[in-house]
1. Please compute one quarter of the surface area of the Cα convex hull for segment A:26-211 and express it in square nanometres.
2. In nm, what does the list of distances from D:Ala93 to its counterparts in the other copies look like, shortest first, when each label sits 7 Å along Cα to Cβ?
3. Got a sec? What order do D:Thr74, B:Thr166 fall in by accessible area at 1.4 Å, biggest, i.e. largest, first?
4. In a shell of Cβ-Cβ distance under 11 Å around A:Thr97, excluding A:Thr97 itself, what net charge do Lys and Arg (+1) and Asp and Glu (-1) give?
5. What's the local net charge at D:Val174, with K and R +1, D and E -1, over the other residues with C-beta under 10 Å away?
6. What does the charge add up to near A:Ala107, with Lys and Arg as +1, Asp and Glu as -1, over the other residues with Cβ less than 12 Å from its Cβ?
7. If you restrict to DSSP beta bridges whose two residues both lie in segment B:26-211, what percentage is antiparallel, to the nearest 5?
8. What accessible surface, in Å², does a 1.4 Å probe find on A:Val129, ignoring ligands, DNA and RNA and rounding to the nearest 10?
4 protein chains.
Amino acid sequence: MSRKKLASGKGIILGGNPWPPFSIDYPLLLELIRYMHKKDCPRLLTKMKKIKLFVFDVDGVLTDNTVWMGRGKTEMKRFNIADGMGVYIARRAGIPTAFISGRPSPATTSRVKELGIVDFYQQRGPKRVPFAKLLKKYKLDPKEVAFMGDDVIDVPIMQIAGVAATVPHAPDYVKKYVDLVTDHEAGMGAAREFIDMVIIAKGLDPVDLTYK
Amino acid sequence: MSRKKLASGKGIILGGNPWPPFSIDYPLLLELIRYMHKKDCPRLLTKMKKIKLFVFDVDGVLTDNTVWMGRGKTEMKRFNIADGMGVYIARRAGIPTAFISGRPSPATTSRVKELGIVDFYQQRGPKRVPFAKLLKKYKLDPKEVAFMGDDVIDVPIMQIAGVAATVPHAPDYVKKYVDLVTDHEAGMGAAREFIDMVIIAKGLDPVDLTYK
Amino acid sequence: MSRKKLASGKGIILGGNPWPPFSIDYPLLLELIRYMHKKDCPRLLTKMKKIKLFVFDVDGVLTDNTVWMGRGKTEMKRFNIADGMGVYIARRAGIPTAFISGRPSPATTSRVKELGIVDFYQQRGPKRVPFAKLLKKYKLDPKEVAFMGDDVIDVPIMQIAGVAATVPHAPDYVKKYVDLVTDHEAGMGAAREFIDMVIIAKGLDPVDLTYK
Amino acid sequence: MSRKKLASGKGIILGGNPWPPFSIDYPLLLELIRYMHKKDCPRLLTKMKKIKLFVFDVDGVLTDNTVWMGRGKTEMKRFNIADGMGVYIARRAGIPTAFISGRPSPATTSRVKELGIVDFYQQRGPKRVPFAKLLKKYKLDPKEVAFMGDDVIDVPIMQIAGVAATVPHAPDYVKKYVDLVTDHEAGMGAAREFIDMVIIAKGLDPVDLTYK
């Protein structure tokens with residue numbers, strides 16, 4: 001295990017020397033912790049079987065964390081069709097999906113409308129507030145919610161959700177709060193991968209959940 | 001052979017343990033099946049020589065499966081010039097190309113017009129219906145059609161087409177229904193690669209099929 | 001040396017078996033030929049020192065070979081700032097740059113205007129015609145022109161240019177006509193890399209050719 | 001150590017032979033120099049602790065160095081949310097951020113407004129002039145400024161800044177002027193990685209610098 005990957009998502013290569021070369025309060029055992037998380041498969045599956053609601057951050061989870069900007073307030077975001085298909089598959093399996101975004105954008109609103117997402121919050125500020133509203137509306141315990149985020153403002157929800165996931169580009173100081181890191185990149189099927197995992201953990205087959 | 005790649009297109013790394021760690025009805029031998037498909041080269045070539053029509057899904061085959069969204073209904077898709085050149089090459093070789101999309105979009109319509117595609121269907125719902133129309137119009141057996149798709153709604157066509165192909169990002173539970181997986185990513189030459197293979201299998205040279 | 005990479009730009013992995021498994025008139029020794037081209041460094045440098053004009057194809061050389069399409073005729077292309085800086089660096093070194101595109105587009109026109117490119121041709125049809133015009137205008141032998149293209153319609157120019165280059169995504173049946181394949185992807189610095197090579201071959205330093 | 005990577009950012013593979021195969025005044029020991037830079041970790045940390053201002057080039061640092069162009073002057077750029085979060089984190093840590101761009105663009109202006117950047121310069125010509133204005137305004141020594149750029153016009157600032165960084169795609173003849181090369185690509189978290197490093201070097205934790 002190396003300390004090289006502690007400071008950023010993808011690690012800093014510093015001529016073979018660990019970085020930083022002094023003692024800080026960042027967990028030196030971060031990678032080991034993540035390894036142990038992942039190894040604890042039976043526990044993760046037990047948690048996945050209880051899931052009754054998906055909650056997704058938008059930027060950096062359903063997109064590649066970028067926004068195309070033009071003159072004035074013109075902007076576009078890049079959404080993934082396979083992720084959208086995942087929302088449909090989850091719905092057919094009886095699991096609704098909610099979005100909580102910390103950055104309001106008309107592009108996000110457009111995507112929400114296309115997917116028929118009913119529970120959608122986009123506002124600056126802590127995400128705890130809309131998350132609490134969702135729990136109340138659906139009469140759920142946090143342990144029945146699967147959450148996926150990618151940055152520091154998602155950490156408080158990661159700490160209480162039943163299953164917390166993130167994406168490869170998330171900083172390591174965020175990754176330490178999640179149960180799993182997807183293999184797919186954000187906006188390129190990461191959300192679908194997470195949905196697939198929960199669906200399969202519940203004993204369902206995605207191919208059976210679409211029209212023939 | 002590992003079970004690691006079963007649950008998603010790119011696989012889940014779970015600390016060295018197979019995932020899921022219990023028995024499901026997903027084919028444990030998925031990778032072996034795919035290997036055997038590919039190894040059966042002479043059979044694949046025989047099938048390719050019979051091809052008289054190309055049918056492509058659009059999103060995730062001719063695009064990278066993403067859509068750029070802005071305010072309201074503004075949206076853009078990213079199409080590949082080499083794929084378009086492939087459509088021209090196929091046409092010069094006497095093989096028409098049809099598109100069947102499950103997600104209507106003005107961006108797809110624009111691309112269809114540029115390429116001069118005559119047979120174009122974009123509608124939600126099963127793809128069997130437009131596929132049957134194409135067979136009737138061209139008086140073809142399904143075995144004379146080469147089809148390329150990337151997700152669960154393409155499976156019914158994959159099961160009957162003469163040659164079925166998909167792209168690297170397709171989930172493994174879709175990949176098991178195809179004859180081959182392209183090396184190029186969707187929207188980055190995957191369709192061209194598939195066309196090239198069929199053209200070359202028929203003994204033609206793409207360089208000879210363009211103006212000098 | 002493997003036959004695996006013959007049929008497409010990135011190669012087809014077929015369970016360890018060569019593809020196609022029968023004899024065709026495609027050069028079995030394609031990779032060896034390319035290797036020998038590259039190994040012949042002194043000859044390539046001699047050719048580069050004679051260059052007095054750069055000619056670039058646009059799609060797939062100055063872009064990643066994709067086009068973003070929206071409703072109607074709306075379209076965007078993605079150009080690279082480092083490639084543009086390369087055009088400036090070449091100009092300061094006394095070498096003009098021309099573009100020849102086979103696909104007319106207002107996006108290409110916008111880029112041409114920004115870079116102050118005087119010699120610009122965009123029309124469907126053979127590229128030999130505008131290339132001959134450039135030779136006449138600048139009173140050059142084809143051996144004094146460096147050309148970069150990526151697909152079958154660029155082959156006739158590749159066959160006569162002083163130095164012909166292409167990009168990693170080009171099909172192998174195109175690559176066999178060039179002197180070198182850049183390491184950078186198209187639209188991500190491939191043109192700059194080619195310009196840098198010629199500039200350095202002429203004994204100049206790109207850092208000295210900009211303002212301080 | 002190989003000479004293969006000297007001529008361009010990603011290196012040229014030339015059949016195992018070094019390129020160029022003759023003696024030029026480019027530092028043959030470029031990679032060794034970079035290695036030594038990086039190995040000198042304690043010195044780099046000492047320099048980072050003194051930082052009181054971030055200055056970023058825009059194209060190729062905050063973007064992937066590309067611009068999407070359409071008809072006329074329509075253009076879009078792709079900005080990264082994690083980089084923007086880095087600007088907020090730096091601000092909460094008491095370190096302001098300035099942008100100096102050599103290519104004026106309304107897309108850049110849009111991003112600057114969203115992030116609330118006060119110190120923003122976009123103009124063609126040497127970057128020394130706006131850099132000097134920043135030093136005067138904030139009463140700083142150049143050694144108290146962290147700078148990130150990616151091309152030849154950034155070299156003069158790299159030579160005087162306290163800590164100079166660049167991105168993986170920068171040409172090697174630019175990389176030799178910096179203290180570090182980020183692992184993240186430009187526009188995909190490179191700026192955030194640089195900010196994180198300085199923040200952590202100062203003994204702060206990014207998770208603590210956002211709302212809970």
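The values are calculated or read from the model by the stated rules, or taken from the named source; none is laboratory data. Worth saying up front: this structure is predicted, and the values here are computed from it rather than measured. FYI the Cβ positions are ideal-geometry reconstructions off the backbone, even for glycines, and counts take in every protein chain you see. Protein only, heavy atoms only, side chains kept; ligands, DNA and RNA dropped before computing areas. Shrake-Rupley method; radii C 1.70, N 1.55, O 1.52, S 1.80 Å.
1. Values: hull surface 43.1 nm².
Orientation-averaged projected area of the Cα hull: 10.8 nm².
2. 4.0, 4.0, 5.6
3. Working: D:Thr74 75, B:Thr166 0 Å².
Largest to smallest exposure gives the sequence D:Thr74, B:Thr166.
4. On the way: positive: A:Arg91; negative: A:Asp83, A:Asp119.
With Lys, Arg at +1 and Asp, Glu at -1, the net is -1.
5. Working: positive: D:Lys175, D:Lys176; negative: D:Asp150, D:Asp151, D:Asp154, D:Asp172.
Neighbourhood net charge equals -2.
6. So the environment of A:Ala107 carries a net charge of +4.
7. Details: 2 of 18 bridges.
Around 10 percent antiparallel, to the nearest 5.
8. Surface open to solvent at A:Val129 totals about 70 Å².
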